[in-house]
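Working notes for the structure below.
Since every read-out is calculated from the coordinates, none of them should be taken as a lab result. Note that the structure is predicted; figures quoted are calculated from it, not measured. Ideal geometry is used to build each Cβ from the backbone, glycine not excepted, and the neighbour counts take in all protein chains shown.
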């Protein structure tokens, strides 16, 4: 099983080609997009910070645990850090598996677990006040 | 005594007013007792702690191999 976790500080670009074997029958790709509101507030974007060495270890640990339950061929995680404007992706997860059930289950569970244990935080970015 | 770097993230850093600080401590001290010494009044409720990039317990000794102790408020990646 191949796995790769990447942190970037600019826009996320999804790699074009699937990387795993010809046994792959399902590819699930999830993008998390920054919405224009956070609670009741309109925002300009979100700023993300991570405790990067630990975030990598947590992703690796979670991926190892989940792959025992939902066998897959490959997983790619790209998380953007720093300022992410509204409408742009903060997260991309691509899962390749033999069957759709494994790919869908793995992808959903990975994101759930990330939101519990991977040390990444977001904070809202306000709109700049125009000068008088 | 050992030197341990304490790291604070997100709301924990906002509340403490620092993002990292070097602390001299004994290996049998716990994150809770060390933090009470360097940041009296800081309430660690809802904050998790990690030693050397692994989640730990507030009342476990940091141990002789501790290099980094991180204070981790509820995560919100994605």
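Couple of notes before you dig in:
- Residues of region A:55-94 with amide N under 13 Å of a point placed 7 Å along Cα→Cβ from residue A:109: A:62-73
- Estimated [θ] at 222 nm from DSSP helical runs (n ≥ 4, -39500 (n - 2.57)) normalised by residues in the protein assembly as shown, nearest 500: -7500 deg cm²/dmol
- Between residue B:46 and residue A:40, the modelled labels are 1.9 nm apart [label points 7 Å from Cα along Cα→Cβ].
- FRET efficiency estimate (nearest 0.05) - Cβ-Cβ, residue A:17 to residue B:19, R0 45 angstrom: 0.70
- When you count the other C-beta atoms within 10 angstrom of each residue and take the mean per peptide, B:5-17, B:35-47 line up highest first as B:5-17, B:35-47.
- Gain on full extension, evaluated as 0.36 nm per residue between residue B:36 and residue B:1 minus their Cα-Cα distance, stands at 10.8 nm.
- Projected label distance in nm at residue A:26 and residue B:55, using a 7 Å step from Cα toward the beta-carbon: 2.7
- Multiplying the residue separation of residue A:2 and residue A:123 by 0.36 nm and subtracting their alpha-carbon distance yields 40.4 nm.
- Kirkwood hydrodynamic radius (C-alpha pairs) into Stokes-Einstein, region B:2-72, 25 °C and 0.890 mPa s, D in µm²/s: 208
- For the segment A:107-118, counting C-beta atoms of other chains within 10 Å of every residue's C-beta and taking the mean gives 2.
- Here the protein assembly as shown yields Rg over Rh of 1.03, to two decimals, using C-alpha coordinates and the Kirkwood radius.
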